[in-house]
Amino acid sequence: MSTRPHVSQGAEERWHRLLTEGHRPLRIAHLLFRHLPSPPRCKVCYNPFGGIGGKLVGLLGFVRSRKNPNLCARCCDMLPSGGSELDIAVLFADVRGSTSMAERLGPGAYAAVMNEFYRAATDVLVRHDAIIDKLIGDEVMALFIPGICGPLYRRRGAEAALALLDAVARHRAAEPISIGVAVSSGLAYVGNVGGEGVIDFTALGDTVNTASRLASCAASGEALLGESVYAAVASAWPGLEIRTLALRGKTAPVSVHVAHASRGSSDK
């Protein structure tokens with residue numbers, strides 16, 4: 001039996017066109033708003049809520065949604081509930097040793113370190129046309145969707161993983177951090193989901209769960225790329241190590257290719 005949220009055929013077709021073919025106003029907004037100050041921002045179109053940029057776009061209706069403060073009203077309230085199934089790439093990045101770090105530093109200092117990580121991750125992921133789905137605890141989750149990234153969305157995910165490893169490796173702070181990253185691609189349910197009065201734009205399904213499990217298996221400084229993700233960069237990154245992993249909850253082993261910082265990354 002299907003576990004997809006109930007949504008009308010017309011709404012699902014609208015979502016599918018938006019997520020696969022792109023939506024010109026959304027793509028223009030995503031490219032424009034990332035250059036305006038200031039955070040926090042809508043996680044879909046990236047319009048600023050703070051600073052002078054937030055005041056300017058607020059006049060055009062780009063204000064925080066009452067249903068989800070992480071989204072603007074145009075990306076949450078003005079789109080139908082539900083979504084569509086499509087192939088996307090999903091990235092997870094985890095900070096290594098965060099439990100012992102939190103114990104050693106205390107809450108305030110630990111939060112400061114995590115905020116530095118969030119800032120670095122946000123900068124890299126937005127430059128690679130990602131939708132930053134979650135910044136929570138010691139983890140970042142990002143989506144690479146054809147309607148925003150274009151047909152090379154798997155490649156953008158792989159490049160973002162390497163760029164994020166490089167950005168963290170270059171970061172100089174009183175408390176250095178290291179991360180492991182994974183990118184998986186496949187079918188997922190993408191759209192506005194949630195209960196009465198509370199909606200979030202996210203992705204659901206086995207592809208998301210697999211990326212999360214893979215990230216927990218990545219060693220410090222490693223990016224684990226699923227087979228279909230690696231296929232998008234194989235000609236540029238030949239000869240990567242192949243690793244087979246038994247993931248919790250998966251009935252069959254999963255093969256990945258292992259990349260490391262400074263190989264093939266791009267900040268474009």
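The values are calculated or read from the model by the stated rules, or taken from the named source; none is laboratory data. All values reported here derive from a predicted model rather than from experimental measurement. Heads up, the Cβs are rebuilt from the backbone with ideal geometry, glycines too, and the neighbour counts pull from every protein chain shown. For the accessible areas, the whole protein counts, side chains as well, though only heavy atoms, and no ligand, DNA or RNA atoms are used. Shrake-Rupley method; radii C 1.70, N 1.55, O 1.52, S 1.80 Å.
Miscellaneous remarks
- Any chance LEU19 is over 18 Å from PHE144 (Cβ atoms), at pLDDT 65 or above and in contact with a strand residue (DSSP E or B) (Cβ under 7 Å, 6 or more places away or on another chain): no
- Single condition HIS257 does not satisfy, out of (1) part of a strand (DSSP E or B); (2) free of Cβ contacts under 8 Å to residues at least 24 places away in the same chain: (2)
- Residue in the stretch 195-211 that is under 17 Å from ARG127 (Cβ atoms) and under 15 Å from the mean Cα position of the chain (by Cα) present: no
- So ILE52, is it buried (at least 17 other Cβ atoms within 10 Å of the Cβ) and among the β-branched types (Val, Ile, Thr): no
- Conditions (1) outside any strand (DSSP E or B); (2) touching a helix residue (DSSP H, G or I) at 6+ places or on another chain (Cβ under 6 Å); number of the one not met by ARG104: (2)
- Among the residues making up the stretch 231-262, those that are open to solvent by less than 50 Å² (accessible area, probe 1.4 Å) and within 23 Å of ARG156 (Cα to Cα) are ALA232, VAL233, ALA234, TRP237, LEU240, VAL254, SER255, VAL256, HIS257, VAL258, ALA259, ALA261.
Let's see how each residue does on (1) exposed (fewer than 15 other Cβ atoms within 10 Å of the Cβ); (2) among the hydroxyl-bearing types (Ser, Thr, Tyr); (3) at pLDDT 90 or above; (4) out of contact with any Phe, Trp or Tyr (no Cβ under 9 Å at 6 or more places or on another chain):
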| position | (1), (2), (3), (4) |
| --- | --- |
| ALA111 | yes, no, yes, yes |
| ILE136 | yes, no, no, yes |
| PHE144 | no, no, yes, no |
| GLU159 | no, no, yes, yes |
| ASP166 | no, no, yes, yes |
| ARG170 | yes, no, no, yes |
| ALA173 | yes, no, no, yes |
| VAL181 | no, no, yes, no |
| GLY194 | no, no, no, yes |
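- All strands (runs of 3 or more DSSP E) inside the stretch 129-232 with 3 or more residues being within 30 Å of ARG64 (Cβ to Cβ) and touching a residue at least 24 places away in the same chain (Cβ under 8 Å): 131-136, 139-144, 179-195, 198-204
- Test: TYR118 is in contact with a Lys or Arg (Cβ under 9 Å, 6 or more places away or on another chain), free of Cβ contacts under 8 Å to residues at least 40 places away in the same chain, open to solvent by less than 50 Å² (accessible area, probe 1.4 Å) and in a helix (DSSP H, G or I): no
- Subset of the stretch 25-65 [among the basic types (Lys, Arg), in contact (Cβ under 8 Å) with a residue 40 or more places away in the chain and not in a helix (DSSP H, G or I)]: ARG34, LYS43
- Filtered by the rule that a residue be more than 18 Å from ASP87 (Cα to Cα) and open to solvent by 60 Å² or more (accessible area, probe 1.4 Å), the stretch 202-230 gives ARG213, SER216, SER220.
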